[in-house]
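Worksheet: the structure to be examined is printed underneath.
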Amino acid sequence: MVHINAGIAGLVCCLVLGKRIGGYGREAMAPHNLTLTLIGGAMLWVGWFGFNAGSAVAADGRAGFAMFATQVATAAAALAWMFAEWAAKGKPSVLGIVSGAVAGLVAITPASGFVGMTGSLVIGIVAGVVASGRQRGSSTSSVTTTRSTPSACTASAVSWVRC
């Protein structure tokens, strides 16, 4: 229901706004706003606690444990993406750190109530490194090879979890 609502809202916005005008296709237009990406990533991270901990359907130890696992895995994935990007490109980016956090949130969700600290760290590190590598490896244009986007990261993390 949430995803259908978001999809319909996006479609309505596209129809109301209409086609792009200006230099689209002729000049470089960054596909992101770093400030809004950071705000959105922070809101997503905090909101995801309710999603994972709320899945316990009780305010008990399992819910607290799911929240703890979510925090550890997400932080580990953000740092793993940062270090992987640092090793590959010579410098880390804040956008990459947010992308790693999103990958960690996606990867830990199925196991958040069932793994300990070690499992959370492993899932987070693997998600951050694999999603970072897949995002860099799947880029086909010069615009996407120079930027890390949370949506590309999420797609990479989701495809990794399905494997």
Original post:
So for the pair Met43, Leu11, with labels modelled 7 Å out along Cα→Cβ, what separation do we get in nm?
Top reply: 2.3
**OP:** With viscosity set to 0.890 mPa s and temperature to 25 °C, compute the Stokes-Einstein D of the stretch 16-81, Rh being the Kirkwood radius across alpha carbon pairs; µm²/s, no decimals.
**Re:** 165
Original post:
Can you work out ³J(HN,Hα) from phi for every residue in the stretch 90-103, in order, using Karplus 6.51 cos²θ - 1.76 cosθ + 1.60 and θ = phi - 60°, giving whole Hz and x for Gly and Pro?
Top reply: x, 7, x, 10, 5, 4, x, 5, 5, 4, x, 4, 5, 4
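Coordinate-derived values only; no laboratory data. The structure displayed is predicted, hence computed values, not measured ones. Don't worry about glycine lacking a Cβ; one is built from the backbone with ideal geometry, like all the others, and counts go over all protein chains shown.
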